[in-house]
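Report on the structure given below.
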Amino acid sequence: MSSTNRGYDRHKSDYYVTPIDKVVEFLNAFQTQEPNALRHGVILDPSAGGDEENPMSYPEALEMVGVKDHRIHTIDIREDSRADVIGNYLALDTSEILPEDPSVIITNPPFVLAEPIVEKALRDVKPGGYVIMLLRLNFFGGKARNERFYPEVGMPKYAFVHHRRMSFTPDGKTDSIEYAHFVWQRGYDEDSTKLYVI
């Protein structure tokens with residue numbers, strides 16, 4: 001799912017497909033900093049997308065970098081999604097649907113729900129686990145986020161900024177927004193973020 005309505009004609013399933021090659025690009029860069037992060041445990045995509053014409057981007061990319069599919073679990077609110085569970089992640093108790101607490105929660109959330117999704121994911125993930133969200137780079141800004149969200153939730157440990165603008169539509173068009181994969185680690189309490197351009 002993409003983080004914003006970009007003003008293009010709506011995708012027939014009412015979501016935009018996250019480019020798999022950009023996810024793989026990020027995962028490879030992430031593993032240079034955290035080489036063990038994806039090696040063990042459950043990985044959850046709570047906004048997985050996918051439909052009859054498109055695979056779920058994050059599960060597909062995770063398999064491409066060597067994660068076994070039995071470790072990847074998926075949720076999506078859309079009825080036509082390929083996700084394992086159709087439901088609203090924000091209303092679900094993941095302990096009832098997963099074999100264990102996830103070590104990684106990764107997705108491209110709807111931008112308007114990014115804050116509550118990050119907050120819930122940081123509660124759901126194992127201590128020391130990672131919450132990874134594809135967001136607009138300007139998620140770092142905003143008065144409300146800097147007065148409430150970041151002081152309460154904490155800064156991300158990393159931000160991997162994609163140096164080329166992403167296209168979320170089949171025609172390859174992009175908008176004027178830069179995107180980054182924001183990486184929180186449960187228990188990380190520094191007041192700064194390491195930024196990488198990939």
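Going residue by residue through the range 39-56, is there one that turns out to be of a type in the set (D, E, K, R), surrounded by fewer than 20 Cβ atoms within 10 Å (Cβ to Cβ) and more than 27 Å from V112 (Cα to Cα)? There is at least one residue in the range 39-56 that is of a type in the set (D, E, K, R), surrounded by fewer than 20 Cβ atoms within 10 Å (Cβ to Cβ) and more than 27 Å from V112 (Cα to Cα). Within the range 118-152, the residues that satisfy the criterion of being in contact with a strand residue (DSSP E or B) (Cβ under 8 Å, 6 or more places away or on another chain) and either surrounded by fewer than 16 Cβ atoms within 10 Å (Cβ to Cβ) or small (G, A, S) (or both) are A121, G128, G129, L137. Considering (1) under 26 Å from I198 (Cα atoms); (2) more than 12 Å from the chain's Cα centre (by Cα); (3) in a loop (DSSP other than H, G, I, E, B); (4) not polar (S, T, N, Q), the lone condition that P109 does not fulfil carries the number (2). For the range 15-55, the set of residues classified as part of a helix (DSSP H, G or I) and touching a strand residue (DSSP E or B) at 6+ places or on another chain (Cβ under 7 Å) consists of F26, A29, F30, Q33, listed by residue number.
For Y196, are the conditions met, namely being surrounded by fewer than 20 Cβ atoms within 10 Å (Cβ to Cβ), of a type in the set (S, T, Y) and touching a residue at least 12 places away in the same chain (Cβ under 8 Å)? It is true that Y196 is surrounded by fewer than 20 Cβ atoms within 10 Å (Cβ to Cβ), of a type in the set (S, T, Y) and touching a residue at least 12 places away in the same chain (Cβ under 8 Å).
Of all residues assigned to the range 120-130, at least one qualifies as being under 19 Å from P151 (Cα atoms), in contact (Cβ under 8 Å) with a residue 12 or more places away in the chain, in a strand (DSSP E or B) and touching a Ser or Thr at 6+ places or on another chain (Cβ under 9 Å).
When the residues of the range 81-98 are filtered to those that are small (G, A, S) and surrounded by fewer than 17 Cβ atoms within 10 Å (Cβ to Cβ), the one that is nearest to H70 (Cα to Cα) is S95. Restricting M155, M166 to those that are touching a residue at least 60 places away in the same chain (Cβ under 8 Å) and outside any strand (DSSP E or B) reduces the list to M166. For the range 63-85, enumerate the residues that are in contact (Cβ under 8 Å) with a residue 40 or more places away in the chain, aliphatic (A, V, I, L, M) and outside any loop (DSSP other than H, G, I, E, B). Hit for the range 63-85 is M64, nothing else. Consider the range 172-193 and keep the residues that are without any contact (Cβ under 8 Å) to a residue 40 or more places away in the chain and of a type outside the set (V, I, T). The one that is surrounded by the fewest Cβ atoms within 10 Å (Cβ to Cβ) is S176. On the basis of being over 22 Å from L27 (Cβ atoms) and not hydroxyl-bearing (S, T, Y), does R123 make the cut? Yes.
Read-outs throughout are calculated quantities, based only on the coordinates presented, and are distinct from any laboratory measurement. Nothing here was measured: the structure is a model prediction, and the numbers come from that model. Positions of Cβ are backbone-derived with ideal geometry, glycine not excepted, and every protein chain shown enters the neighbour counts.
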